[in-house]
Amino acid sequence: MDIKRWLLLLSLMLWIPGCMSLKGDRLLKNEQYQDGLATFTGIVHEEPQNPEAQYYLGRFYLALERPEEALPHLKQAVKGDPAKADYHFWLGVAYWAIRDFDLERKSYLQALAKDPKHVPARLYLAHNFLDSGEWQEALDNYDLLLRREPYNPEALYNRALALKELHRPKEEARAFKRYLQYYQEGKWALRAVDHLNRLGKFSYRNFTIGYRRVTLEHIPFPPGSAKLLSQGKPSLQVLGTILSINDKIWLEVVCYKNGDPSLATARAKAVRDYLLQEYPRLKPSRIGVRGIGRTERIKTGSKVYLLDDSTTFITTRK
Amino acid sequence: MFAAFLVVASVSLSYGQGQPADQSVTASIRAARTAGVSETVLNRLMSLAADHRLEDDGVVRLLNFFQTVQTEDLPIDPFMGKIEEGLAKQIPLDTIAAVLGKKLEDYRFVRRVLTIKTEEQEISHQDLSRMVGSLDGGITREELARFIQEASAQDLSMLARATEILALLKQVRFNESLTREILFTGLRNNSLTQSWDYLARVVATAKRRQISDDEIARAARQALEANQPFGDFMAALGFTPRDLRHGPAVGRSAERNQ
């Protein structure tokens, strides 16, 4: 059988309802973009009026970062089956890739007109508003999305940015804290903490442990006590894990308690004891302690903040 | 080839209201063909002539023009595009011819400037057209010549891209001296890749967000100096990313990082 007949047979097989989408989705999921491109180029050649084939071909071009070639196929898909919200959504993504932000927005609005519950379209529409400086519209759309997906990280983070631009600092701080409540790793967490600290909020702080910058939650103690509360333990477990993985890192735990140096020292020791207890392989000599009986002075931007009661971590060797 | 010849031959006999074509038209077709004008181009032109009922002398004029373009090894498509556009808008042929003449002069000008700059270096029709297009986009010949003379020309495709961006940034009223700094940085570092084609669109949106030209230029220079992807430049200006492969991660339940 020659290649043309094989392609025809393949396209006929893929016409069986669901077959084409299964094949396309599998290739996309497995990131077999070149294979997908070859397969769907053949199918589109045989069946140019098939919107599903056009859609997948557009997707493969887009995945290969060839948006100019993706666009005509995604447009064909939309034209062939305008009721499909996904087709409008991906056309919007292709418009973004050529930085046509107006048409990007129109496509997401079309997708949402077909399916108001389309989460990806709602999210990227909100992004589009944010990129254009339309902060309130961005916020409204992030909020709509969070009603459906309360833990969506992009929406949680970016709604805080929208609030920042809207000059609503209290809500901004709450929004960044909400993001950090669920996501404490990675560059967005680090940035969220920077934003919070800029607002004078230090319930989360970034520390350089070894060569890595990590986000840690405030280590709380009851008033007048050196007893660790459970709230601070997850952050100490992050520290313990890093120290366990990299035995070249030596650390000093520094606690501040204004007017009470002995309590500050006791707290620093409590932190070290917890780490040594939870990670018994750590050598005690790797963790130093220091208690300071005055306020901690923190400078963020042009502002200086004084903390009566805090715990910090300093890498002493790496 | 023979079939194409038959089409041109038959069109040349019939384009003028069913009358046999003027001898001068036939001779011009022959001369254009001899000069290397493709049968496809001749067919397109004769079809246009028939569709728009052009007079013989108008057809001869266009054929002779194409012969010149071909002889000078310039791209035909941009000129054909102008003819199609003009005829579709029912613009008089004299006006179309004037536009074509100006465009031809633009091509000659850019090629002269490039010859001075690069001597024997070959330039593709596509790149040449991009540079000429920048003149349509709002920069003057003097500005273009100065830019080409001062720019690094290791890669002519990149230089063509730079001239196009030069015109587009002028359209969005971006500071001209900063524009040159950005483009020269990209050319010097060989980092003004295809992904920078849409710089002006991003700049226009950033300006709407009250981001200053200085700030935009700083971010662009940094990205170009470090040969970073265009996406990094956008991120530096606060643009959100999109996932072209999978779309956004949705439907996940939050897991507290511990």
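The values are calculated or read from the model by the stated rules, or taken from the named source; none is laboratory data. Worth saying up front: this structure is predicted, and the values here are computed from it rather than measured. Neighbour counts run over all protein chains shown; Cβ positions are idealised from the backbone, glycine included. For accessibility, only protein heavy atoms count, side chains too; no ligands or nucleic acids. Shrake-Rupley method; radii C 1.70, N 1.55, O 1.52, S 1.80 Å.
Tabulated results
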| read-out | value |
| --- | --- |
| Verdict on B:Ile76 being hydrophobic (A, V, I, L, M, F, W, C) and either closer than 17 Å to B:Ile29 by Cβ or touching a Cys at 6+ places or on another chain (Cβ under 9 Å) (or both) | yes |
| All positions within region A:182-228 that are open to solvent by 30 Å² or more (accessible area, probe 1.4 Å), of a type in the set (D, E, K, R), without any contact (Cβ under 8 Å) to a residue 60 or more places away in the chain and over 22 Å from B:Gly238 (Cα atoms) | A:Lys201, A:Arg212, A:Lys227 |
| Qualifying residue in region B:160-175 (condition: of a type in the set (S, T, N, Q), surrounded by fewer than 17 Cβ atoms within 10 Å (Cβ to Cβ) and farther than 22 Å from B:Ile148 by Cβ) | no |
| For A:Asn152: the one exception among (1) facing another protein chain (nearest Cβ under 9 Å); (2) surrounded by fewer than 24 Cβ atoms within 10 Å (Cβ to Cβ) | (2) |
| Qualifying residue in region B:131-142 (condition: among the acidic types (Asp, Glu) and crowded, with 16+ Cβ neighbours inside 10 Å) | no |
| Answer residue from region A:111-145, given it is open to solvent by less than 10 Å² (accessible area, probe 1.4 Å) and more than 10 Å from every other protein chain (Cβ to nearest Cβ) and is nearest to the chain's Cα centre (by Cα) among those | A:Tyr142 |
| Residue in region A:229-238 that is modelled with the highest pLDDT, counting only those that are within 23 Å of A:Pro261 (Cβ to Cβ) and surrounded by 13 or more Cβ atoms within 10 Å (Cβ to Cβ) | A:Leu236 |
| Test: B:Thr205 is open to solvent by less than 20 Å² (accessible area, probe 1.4 Å), modelled with pLDDT of 95 or more and within 21 Å of A:Ala94 (Cα to Cα) | yes |
| Any hit, region B:89-97, residues being of a type outside the set (A, V, I, L, M) and under 22 Å from the mean Cα position of the chain (by Cα) | yes |
| Given (1) β-branched (Val, Ile, Thr); (2) over 21 Å from A:Thr241 (Cβ atoms); (3) not in a strand (DSSP E or B), index of the condition A:Val271 fails | (2) |
| Test: B:Phe233 is touching a residue at least 12 places away in the same chain (Cβ under 8 Å), more than 9 Å from chain A (Cβ to nearest Cβ) and assigned to a helix (DSSP H, G or I) | yes |
| Total residues in region A:239-266, condition farther than 15 Å from A:Lys283 by Cα and in contact (Cβ under 8 Å) with a residue 40 or more places away in the chain | 6 |
| Sole exception among (1) away from every other protein chain (no Cβ under 11 Å); (2) over 18 Å from A:Ala138 (Cα atoms); (3) without any contact (Cβ under 8 Å) to a residue 24 or more places away in the chain; (4) surrounded by fewer than 22 Cβ atoms within 10 Å (Cβ to Cβ) for A:Arg174, by number | (2) |
| Conditions (1) open to solvent by less than 40 Å² (accessible area, probe 1.4 Å); (2) within 12 Å of chain B (Cβ to nearest Cβ): number failed by A:Thr241 | (1) |
| Complete set of residues in region B:181-228 that are within 10 Å of another protein chain (Cβ to nearest Cβ) and either in contact with a Cys (Cβ under 8 Å, 6 or more places away or on another chain) or outside any helix (DSSP H, G or I) (or both) | B:Arg209, B:Gln210, B:Ile211 |
| Checklist (1) modelled with pLDDT of 95 or more; (2) in contact with a Lys or Arg (Cβ under 6 Å, 6 or more places away or on another chain) applied to A:Gly210, failing item | (1) |
| Residue identified as of a type in the set (Lys, Arg), more than 23 Å from A:Pro222 (Cα to Cα) and open to solvent by less than 40 Å² (accessible area, probe 1.4 Å) among A:Arg281, A:Arg286 | A:Arg286 |
